[in-house]
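The structure under discussion appears below in the form of structure tokens.
All of the numbers you see were taken from the coordinates with simple rules; none came from a lab. This is a predicted model, so every value here is computed, not measured. Ideal geometry is used to build each Cβ from the backbone, glycine not excepted, and the neighbour counts take in all protein chains shown.
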């Protein structure tokens, strides 16, 4: 199509639409819509964002996250002592015969992790782990923000 024709058509349609009078909704629809909104709100209240939590809960969650971060840092520092834990788990294998397969899986994963650490620097390995955890957290946060800001998704999820 001709771009000038499209612009002209668009402006004519816009003019015609703006000249139309507003439509009035029936009086009975307002009460029904408000009742439905109230019913949905009572059935599925919107989740509270972190900023609306009480201050002690926010401080507790912040302290918990800091403790998890400190634990991950300490675990990275103490990674070399994992061999001792593996040998202790191997000595307990005879006492729990039903858990031998699970112990083998844990042992294999731990041995693989140690092999990776021997081949690569521990800093590189834990940097990758931290990057993965941060990326997953950012994906969850972005998804939560998008879900929260899009009312169509919010209504669809609770209907």
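Taking one quarter of the surface of the convex hull spanned by the alpha-carbon atoms of the stretch 1-66 gives a direction-averaged projected area of 11.4 nm².
Sorting 95, 107 from the fewest to the most surrounding beta carbons within 10 angstrom yields 95, 107. Here each label is just a point 7 Å from Cα along the line to Cβ, and for residue 40 and residue 130 those points are 4.4 nm apart. Note on residue 110 and residue 75: the model spin-label points, each 7 Å out from Cα along the C-beta direction, lie 1.4 nm apart.
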